[in-house]
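A quick write-up on the structure given underneath.
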Amino acid sequence: MKNLIIHPKDDTTDFLCGIYSKLRDKTLITGDISEKKLIAQIRTHERVLMLGHGSPAGLISKCSIKDPYGYVVDDSTVKYLQNKKSNIFIWCNADQFVRRHGLKGFYTGMFISEVLEADMFELPCVTEETIAESNYSFSAIFSKYLAEAPDKLYHHVLADYGVLAETNTVAAYNLQRLYYNH
């Protein structure tokens, strides 16, 4: 399966590299790319993994050709993602983007990956270590099942990350915000 990974360069989301680092057939976009070239890449790949920081409006890129902190994936790319059934949308509030556009695949709601976010959502006693354990475990678990069919990937990630959620408050929060739409 040809995989397109859109993971805008950002030190705070480097832990997500573990998801696709062992993936063989991949094209990785981490920096600036024109909308025309991005759409051409989306069209020629079977699955698109979109990872990083975002909002209900899309995936944010510090290196956006449009403007700094603009969107690399937004309403303008939706029609090219709609015919793909195994996309992966991992950014904060991707659920709102995916549902609004009726897209298919694995996606996240609010995903806490920093202490500041944990404080904002009033999670008790969250340390850098708690965050790191959740982040790196999530990426390792996701990577382990990335070759599976989308529904199996989803169920395996829920099961394995759920074990960590028993002792990690951040993982417990995030686990409740993992979704799959087929």
Residues satisfying the stated conditions in segment 87-116, i.e. touching a Gly at 6+ places or on another chain (Cβ under 9 Å) and in a loop (DSSP other than H, G, I, E, B) | 91, 92, 93
State the number of residues belonging to segment 157-169 that are under 16 Å from the mean Cα position of the chain (by Cα) and crowded, with 16+ Cβ neighbours inside 10 Å.
-> 2
Considering only strands (runs of 3 or more DSSP E) wholly within segment 1-74, the ones with at least 1 residues that are of a type in the set (D, E, K, R) are 26-29, 47-51
Give the residues of segment 1-22 that are in contact with a helix residue (DSSP H, G or I) (Cβ under 8 Å, 6 or more places away or on another chain) and not basic (Lys, Arg), sorted by residue number.
-> 3, 4, 5, 6, 7, 15, 16, 17, 18, 19, 20, 21
In the set 131, 112, the lone residue that is more than 30 Å from residue 2 (Cα to Cα), among the β-branched types (Val, Ile, Thr) and touching a residue at least 24 places away in the same chain (Cβ under 8 Å) is 131
Selected residue (criterion: surrounded by the most Cβ atoms within 10 Å (Cβ to Cβ)) from residues of segment 117-153 that are charged (D, E, K, R) and assigned to a loop (DSSP other than H, G, I, E, B) | 148
Taking segment 33-76, which residues are at pLDDT below 95 and among the hydroxyl-bearing types (Ser, Thr, Tyr)?
-> 34, 61, 64, 69, 71, 76
Looking at (1) out of contact with any Pro (no Cβ under 9 Å at 6 or more places or on another chain); (2) surrounded by 13 or more Cβ atoms within 10 Å (Cβ to Cβ), which is the only condition residue 51 fails?
-> (1)
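The values are calculated or read from the model by the stated rules, or taken from the named source; none is laboratory data. These numbers come from a predicted model, not from an experiment. Here the Cβ is made from the backbone with ideal geometry for all residues, glycine too, and neighbour counts use every protein chain on show.
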